[in-house]
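The values are calculated or read from the model by the stated rules, or taken from the named source; none is laboratory data. Note that the structure is a prediction, hence the values are computed from the model and not measured. No Cβ is skipped: glycine too gets one built from the backbone with ideal geometry, and neighbour counts run over all protein chains shown.
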Amino acid sequence: MTKDANIPEGFHLPEQRFFGRRKGKPLSGRQQSLMDDFLPTISIAIPAQDEQELDPLALFDGRVDDIWLEIGFGKGEHLAWQADHHRSVGIIGCEPYLNGVVGLLNHIEDTDTSNIRIYGDDARHVIWKLPDASVSRVFLLHPDPWPKMRHARRRFVNRHNLDDLARIMKDGAELRIGTDHPVYREWTMVQMSLRDDFEWQAEGPEDWLTRPDDWPETRYEIKALEGRATYFRYQRRPRS
Ligand SMILES: C[S@@+](CC[C@H](N)C(=O)[O-])C[C@H]1O[C@@H](n2cnc3c(N)ncnc32)[C@H](O)[C@@H]1O
């Protein structure tokens with residue numbers, strides 16, 4: 001069983017390891033000061049007690065009217081773009097890779113955005129604490145594919161995580177999943193086809209093979225394209 005101070009009692013999932021390394025190159029002096037001085041001003045603390053929820057609007061001091069979530073933002077270029085283009089939306093970004101967090105801090109400085117909050121660890125800690133129907137859009141862009149079958153249980157797209165996302169997403173909210181990996185593409189299609197709480201938004205055969213204008217390329221997509229990228233958009237079906 002997972003044992004972690006941030007994981008509320010009652011949430012017992014089998015041991016899962018979703019992410020790889022947490023640290024890459026040593027940080028420069030400037031990067032270290034971004035981490036030490038700037039990050040604490042926009043980072044999210046998970047409420048300790050079991051029954052306490054995270055109030056997402058309060059994280060932004062009431063200055064936003066909607067909440068989006070990006071899981072595994074990498075170096076943060078997509079998240080920064082979305083925040084810059086949707087200033088009335090508060091975007092929560094989760095990423096355990098420290099050099100990625102620094103990358104996003106750089107983008108925030110460049111774009112002068114104030115509508116981003118960061119959790120530097122497993123996105124599930126945040127998801128578990130968010131209230132029902134509180135999020136309007138979720139981005140999961142190029143999740144680690146874990147292509148070997150024996151690692152399939154590490155894939156972020158799985159029944160437990162989709163149940164949790166369905167819970168926190170508002171009726172009509174959008175879940176965007178991008179992948180360039182053929183194994184993950186097929187896996188995602190199968191997992192999503194088993195759900196009755198999400199509806200695939202593809203209107204035609206080219207739809208999911210064409211990057212929407214408001215879906216900027218991520219660093220991973222530019223660097224590591226293994227095949228043709230796919231852009232899945234699912235709508236959270238209204239609760240009956
Ligand atoms: C292949 S990278 C893609 C990064 C970025 N989305 C992009 O497209 O450039 C996958 C990222 O997901 C992060 N990740 C994996 N599991 C995660 C989890 N449970 N919560 C938050 N981030 C996670 C990893 O640290 C890694 O940076």
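Here are the numbers:
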read-out	value
Matching residues, segment 52-85, being of a type in the set (D, E) and either within 24 Å of R22 (Cα to Cα) or within 16 Å of the ligand (Cβ to nearest atom) (or both)	E70, E77
Flag for V135 being within 13 Å of the ligand (Cβ to nearest atom), buried (at least 20 other Cβ atoms within 10 Å of the Cβ), under 27 Å from V190 (Cα atoms) and not acidic (D, E)	no
Condition check for L105: within 16 Å of the ligand (Cβ to nearest atom), within 26 Å of T230 (Cα to Cα) and at pLDDT 95 or above	no
Near pairs, Cβ below 8 angstrom, 6+ apart or cross-chain, from segment 89-103 (in contact (Cβ under 8 Å) with a residue 40 or more places away in the chain) to any residue that is near the ligand (Cβ under 9 Å from one of its atoms) and in a strand (DSSP E or B)	I92/E70; I92/Y119
First in segment 150-167 and at pLDDT below 95, second anywhere and among the basic types (K, R), Cβ under 6 Å, 6 or more apart	R154/R17
Output for segment 138-154, where each listed residue is surrounded by 21 or more Cβ atoms within 10 Å (Cβ to Cβ) and either away from the ligand (no atom under 13 Å from the Cβ) or among the aromatic types (F, W, Y) (or both)	F139
Residue within segment 199-219 that is of a type in the set (S, T, N, Q), within 15 Å of the ligand (Cβ to nearest atom) and either within 17 Å of E70 (Cβ to Cβ) or free of Cβ contacts under 8 Å to residues at least 40 places away in the same chain (or both) present	yes
Helices (runs of 4 or more DSSP H) contained in segment 13-118 and holding at least 1 residues among the hydroxyl-bearing types (S, T, Y)	29-33, 39-42, 98-111
Output for segment 190-233, where each listed residue is out of contact with any Asp or Glu (no Cβ under 7 Å at 6 or more places or on another chain), closer than 16 Å to F73 by Cα, assigned to a helix (DSSP H, G or I) and of a type in the set (D, E, K, R)	K223
Number of positions in segment 152-182 that are in contact with a helix residue (DSSP H, G or I) (Cβ under 9 Å, 6 or more places away or on another chain), in a helix (DSSP H, G or I) and either closer than 19 Å to W68 by Cβ or not small (G, A, S) (or both)	8
Those residues of segment 109-132 which are more than 15 Å from the ligand (Cβ to nearest atom) and either modelled with pLDDT under 95 or hydroxyl-bearing (S, T, Y) (or both), in sequence order	E109, D110, T111, D112, T113, S114
